[in-house]
Amino acid sequence: MGNKTPLFETHKAMGARLVNFAGWEMPIHYGSQIEEHHTVRRDAGMFDVSHMTVVDLIGAQARPFLRHLLANNVDKLQDEGKALYSCMLNEQGGVIDDLIVYFMHESWFRLVVNSGTRDKDIDWIGTQAGPFAIDVIEQPELAMIAVQGPNARDKVLSVLDASVRQSVADLKLFFGVEHDDWFIARTGYTGEDGFEIMLPGAEAVAFWNALKDAGVEPCGLGCRDTLRLEAGMNLYGSDMDESVSPLVSGLGWTVALDPPERGFIGQAALTSERAAGVKQKFVGLVLEDKGVLRNHQKVVTGDGAQGEITSGSFSPTLGRSIALARVPANTGSNCHVEVRGKLLAARVVKPPFVRNGKVQIDLE
């Protein structure tokens, strides 16, 4: 058996199908993955994401350290509670992990990193932090619940204490606020509005049940994956890893090469890659023929060059098979995908496919 979150027994009682995910026993669905997907797009669903790793960086040199550690520039974080999405790179420009960093105050920044990369992330951060004399403190006692969907915020606010509700009601996108031992952020991984709530593990079950009573449906990691794919959001280990740079993973917008003197890890490699001309690009695909797009299928362009699907699945919202893919930089608007030995026609589009319940591409 793997690790268990504070909500493990609650998931079992609610009829979840549990699977091992990155060493954790997690719900994949509670009956119908597709219905859970639609619930998040149309109403409000909640996810147990307590397997994610929360790491606090404490010390006077926390900001200079993050300037060095991350490809995005934490100097963008000037207001307390503001969040920033970034990649953490190796010297070759490969992606060690993608993460969110929250600016708590000048000597305290909070990171949320992926569960599957927890060990290497902690080792890497600890090694790099040495010269900066900061404390790297993991917070395993915190649970984390994501509530997502067009009605998510109203339903969360309805179950919060009045004092907490007042501080959260006007929270801007990509900001968080601390209240006692809780940290509530207006962030997510579905393409819908909502909150991600970090709270003491001992309080997670009561909060989960209060949300259920308020009409928030429990959802598993299965629909979280199709939701993030529709939203054009990368998944570590599928769409990027240590062998590829953010420049060929649709994450160039998260890289701050200026000012050049910042000297973040991997900066020299990305500068050279950009100067030489980036050879691949990251695109969305919509299958025109019948079939299902899956990870690692071969993409064939008009001139016979090849790329690869990094994430592929059936889109419940679109009723089509869609994918994210890494293809040659000169790929046009059409291509083919090799599915079971056959070349099926696909159209190249710019992600996202769906955001805030609205289709973002032309389906014709």
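Bear in mind that the values in this text are calculations on the coordinates, not laboratory data. None of these values were measured; they are calculated from a predicted model. Positions of Cβ are backbone-derived with ideal geometry, glycine not excepted, and every protein chain shown enters the neighbour counts.
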Where labels lie 7 Å past Cα in the beta-carbon direction, separation of Ala169 and Trp253 in nm: 3.2
Value of relative contact order over the chain, rounded to a whole percent, pairs C-alpha under 8 Å and six or more apart: 18
Taking N as the number of residues in region 279-364, what is its alpha-carbon radius of gyration divided by 2.2 N^0.38 Å? 0.99
Can you put Val156, Val177 in order of Cβ neighbours within 10 angstrom, beginning with the fewest? Val177, Val156
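Taking a quarter of the surface of the convex hull around the Cα atoms of region 1-143, what do you get in nm²? Mind dumping the intermediate values first?
Values: hull surface 40.6 nm².
Here the figure is 10.2 nm², rounded to one decimal.
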Given Val286, Ala345, Gly312, which one lies farthest toward the positive end of the charge dipole of region 279-364, if we put +1 on the Cβ of every Lys and Arg and -1 on the Cβ of every Asp and Glu? Gly312
3J(HN,Hα) from dihedral phi, region 97-112, Karplus parametrisation 6.51/-1.76/1.60, rounded to Hz, x for glycine, proline: 6, 10, 7, 10, 10, 10, 8, 7, 7, 4, 10, 8, 10, 10, 10, 10
Dipole magnitude of region 126-185 about its Cα centre, charges +1 at Lys/Arg Cβ and -1 at Asp/Glu Cβ only, in debye to the nearest 20? 360
Straight-line reach check, Lys120, cutoff 24 Å on alpha carbons, 8 or more apart in-chain or any other chain, hits among lysines -> Lys4
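Using +1 on the beta carbon of Lys and Arg, -1 on that of Asp and Glu, and nothing else charged, what's the dipole of region 296-364 about the Cα centre, debye to 20? Before the final figure, lay out the partial values.
Details: 9 positive and 5 negative charges, 40 e Å.
With Lys and Arg at +1 and Asp and Glu at -1, about 200 debye.
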Label-reachable residues, region 259-291, where backbone N falls under 16 Å from a point 7 Å from Glu308's Cα toward its Cβ: 279-283
From the phi angles alone, apply the Karplus equation (6.51, -1.76, 1.60; θ = phi - 60°) to region 274-286 and give each ³J(HN,Hα) in whole Hz, x where the residue is Gly or Pro. 5, 5, 7, x, 5, 7, 10, 9, 10, 9, x, 10, 10
Using alpha carbon centers only, region 310-364 is separated from region 80-154 by a whole-angstrom value of 30
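Using 0.36 nm times the number of residues separating Ser32 and Gln139, minus their current alpha carbon distance, what extension gain do you get?
Numbers: separation 107, 0.36 × 107 = 38.52 nm, distance 3.25 nm.
This chain segment gains 35.3 nm when fully extended.
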Final fewest-first order of Cys219, Cys335 on the 10 Å Cβ neighbour count is Cys335, Cys219
What residue among His51, Gly126, Thr301 has its Cα farthest toward the positive end of the dipole of the chain, where the charges are +1 on Lys, Arg and -1 on Asp, Glu, each on the Cβ? Thr301
To the nearest 20 Debye, how big is the dipole of the chain about its Cα centre, given +1 on the beta carbon of each Lys and Arg and -1 on that of each Asp and Glu? 1220
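Test of understanding: what is the full-extension gain from Arg340 to Val300, defined as 0.36 nm times their sequence separation minus their Cα-Cα distance?
On the way: separation 40, 0.36 × 40 = 14.40 nm, distance 1.40 nm.
Using 0.36 nm per residue and subtracting the Cα-Cα distance, I get 13.0 nm.
At 37 °C and 0.692 mPa s, what whole-number value in µm²/s does Stokes-Einstein give for the translational diffusion of region 1-276, with Rh from the Kirkwood sum over Cα pairs? Before the final figure, lay out each step's value.
Working: Rh = 19.2 Å.
Roughly 171 µm²/s, to the nearest whole number.
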Amide N of region 282-307 lying under 18 Å from the label point, which is placed 7 angstrom from the Cα of Ser333 along Cα→Cβ: 283-289, 301-303
Members of Lys76/Lys155; Lys298/Lys342; Lys172/Lys212 lying beyond 22 Å, as alpha-carbon distances in this model show: Lys76/Lys155; Lys172/Lys212
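One quarter of the convex hull surface, Cα atoms only: what value does that give for region 220-364 in nm²? Present the calculation step by step, with values, prior to reporting the outcome.
Values: hull surface 39.6 nm².
Projected over every direction and averaged, the Cα hull of region 220-364 covers 9.9 nm².
So what is the 222 nm mean residue ellipticity for the chain from helices alone, if each DSSP H run of at least 4 adds -39500 (n - 2.57) and you divide by all residues, rounding to the nearest 500 deg cm²/dmol? Present the calculation step by step, with values, prior to reporting the outcome.
Details: 9 runs with 81 residues, N = 364.
Rounded to the nearest 500, the figure is -6500 deg cm²/dmol.
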Built amide H within the under 5 Å cut-off of Ala143, gap 5+: Leu199, Gly201
So for region 279-364, averaging the separation of alpha carbon pairs under 8 Å that are six or more residues apart and normalising by length, what relative contact order in percent results? 34
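Could you give the length gained on full extension between Asp123 and Glu9, defined as 0.36 nm per residue of separation minus the Cα-Cα distance, in nm? Walk me through the intermediate numbers first.
Details: separation 114, 0.36 × 114 = 41.04 nm, distance 3.11 nm.
Residue separation times 0.36 nm, minus the Cα-Cα distance, leaves 37.9 nm.
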